[in-house]
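The values are calculated or read from the model by the stated rules, or taken from the named source; none is laboratory data. Computed from a predicted model, the values in this text were never measured in an experiment. Here Cβ is always computed from backbone atoms with ideal geometry, including for glycine, and neighbour counts include all displayed protein chains. Accessible surface is based on the protein model in full, side chains and every heavy atom, while ligands, DNA and RNA are left aside. Shrake-Rupley method; radii C 1.70, N 1.55, O 1.52, S 1.80 Å.
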Amino acid sequence: MQLVGAILFGLALLHTFATKAFDGLSHRHPRHAGLFHLLGEVEVVFGFWAFVLIIAMAFIAGSDAAISYAESRKYSEPLFVFVVMVVAASRPVLETIRSLLGSIARFAPLRTELALVWLGLALVPLTGSFVTEPAAMTLAALILAPLTFHKGIPEWLKYGALGVLFVNVSIGGTLTSYAAPPVLMVAGTWGWDSAFMASTFGWKAALAVLINATGITVLLRKHLSAAAPAAEDAGRPRMPPTVAAIHLAFLAAVVLLAHHPVLFLGLFMLFLGFTQAYQQYQDPLILKEGLLVGFFLAGLVVLGGMQQWWLQPVVSSLGTTALFFGALGLTAITDNAALTYLGSLIVGLSDQHKYMLMAGAVGGGGLTVIANAPNPAGAALLRNGFDEESIGALGLLLGALMPTIVAAAMFLL
């Protein structure tokens, strides 16, 4: 069963790199366009193969074993990412953040749109250390979408900006011990508190975030004149401060209860009721995008649970420097939280090994869509700005390469 799980995991990885090909098939075979378009959705990939795994397990080990395995997985993170995406992307929250960033941008010695792009790629990812990485990814993606991810920007620059965003969110959550999924997996076991994270990882990550954001903003500067922020729709009622404050309170409460799905799901039900009661101040909630991302992460939880038998020996056999680069590479195909969780199970790991494992895991978090839990959220919100409304795995890998090198260099200092 472990071998079957590894093979299906490998097929799912290949599928993520082939999503653009499925989109092409949907155009060439219109009779089956719906099926090919579904298989071309990157958020569907791991959920689809997770179902294949459960069906295979039912035939090989019996239906009881398959059901028991599926129910033994922990789905708190997929549920949390879904809820925090929807709340963070609500109009009152988004307007508040945009207004705040706009005020900062007006005081910057740069063109306003240039300053907004830099803030979206630098400041917002760093706030992931406080509001959690999925919330930061959602806010950054929605702020950057009308500025950078549209048809007026060259495709290679969009992939560069996407790579910077993914890398910066991955490393930007390391200033505290509770906001980044890979840090959260080991913080209790290894005794890492927020003071330790800030002094050991956080300042290096912040420098890398600033360098990455500055580099891609310089490259984008000549193309941003055609990417002015969308104007507020005429005739919409002004957002009351009370409504915005209540939305921000919902977001803060969801973040504080991130490890208690029963409570944050209950809060989410109240949030949905509130948005209905004050519908005139709302835009359509991103329920579909949030559900797709949750489905993706739940599939990764199911498939990833069968990979410990080969991942743990690989991690435990590497030296310090080799462990850093090994973690950097393995993160791209496994999810960095799963990798650090497996590292936390290894008895007798030295402090240097722990540092290298964490640094490699967060440093490589932008190389693929599956490398870091918030990445599918960013991909779902930004893919419409790319050719054929699809994000290519190779394009993302190349776009994330330079910011990953910057992050790796900072962590190896």
Worksheet item: Taking only protein heavy atoms and a 1.4 Å probe, what accessible area per residue, in Å², does the chain have with all protein chains in place?
Response: 42
Worksheet item: Distances over 17 Å make up what percent of all Cα-Cα pairs in segment 133-259?
Response: 68
Item to complete: Report, in debye and to the nearest 20, how large the dipole of the chain comes out about its Cα centre when Lys and Arg carry +1 and Asp and Glu carry -1 on their Cβ.
Response: 640
Worksheet entry | 15 Å tail of the calculated P(r), segment 64-160, as % of Cα pairs | 68
Worksheet entry | Straight-distance crosslink candidates among lysines, where the alpha carbon sits under 23 Å from Lys222 and sequence neighbours closer than 8 are dropped | Lys151, Lys158
Worksheet item: What does the convex hull of the Cα atoms come to per residue for segment 37-120, in Å³?
Response: 139
Worksheet entry | Axial C-alpha extent at least 27 Å, average Kyte-Doolittle at least 0.0 - helices from the chain (DSSP) | 42-61
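Considering only DSSP states other than H, G, I, E and B, which chymotrypsin sites (Phe, Trp or Tyr not before Pro) in segment 44-124 qualify as loop sites with at most 16 other Cβ atoms within 10 Å?
Numbers: sites: Phe46, Phe48, Trp49, Phe51, Phe59, Tyr69, Tyr75, Phe80, Phe82, Phe107, Trp118; in loops: Tyr75.
Here the sparse-neighbourhood loop sites are Tyr75.
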Response to the item:
With the 8 Å Cα cutoff and a minimum separation of six or more residues, the chain has a relative contact order in percent of 26
Discussion item. Taking the Kirkwood radius as the inverse of the mean 1/r across Cα pairs, report the Rg/Rh of segment 228-344.
Written reply: 1.15
Worksheet item: Based on DSSP H runs of at least 4 residues, each adding -39500 (n - 2.57), what is the mean residue ellipticity at 222 nm of the chain after dividing by all its residues, to the nearest 500 deg cm²/dmol?
Response: -23000 deg cm²/dmol
Worksheet item: Could you list log10 I(q)/I(0) for segment 29-83 at q = 0.25 Å⁻¹, which the Debye formula gives when each Cα is one point scatterer?
Response: -0.96
Practice prompt. Leaving ligands, DNA and RNA out of it, report the carbon-plus-sulfur percent of the accessible area of the chain at a 1.4 Å probe.
Written response: 69
Worksheet entry | Hull-based mean projected area of segment 311-396, where the convex hull spans the alpha carbons, in square nanometres | 5.5
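Enter the per residue convex hull volume of segment 125-201, computed from alpha-carbon coordinates, in Å³ rounded to the nearest integer.
Spread over its residues, the Cα hull of segment 125-201 gives 78 Å³ apiece.
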Worksheet, complete the sentence: Filtered hits (aspartates and glutamates, Cα-Cα < 18 Å from Lys20, offset >= 8 within chain) -> Glu41, Glu43, Glu155, Asp387, Glu388, Glu389
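How about segment 13-114: which trypsin sites (Lys or Arg not before Pro) there are in a DSSP loop, with at most 16 other Cβ atoms within 10 Å of their Cβ? Don't skip to the end; give the middle numbers.
Details: sites: Lys20, Arg28, Arg31, Arg73, Lys74, Arg98, Arg106, Arg111; in loops: Arg73, Lys74, Arg111.
Listed in order of number, the matching sites are Arg73, Lys74, Arg111.
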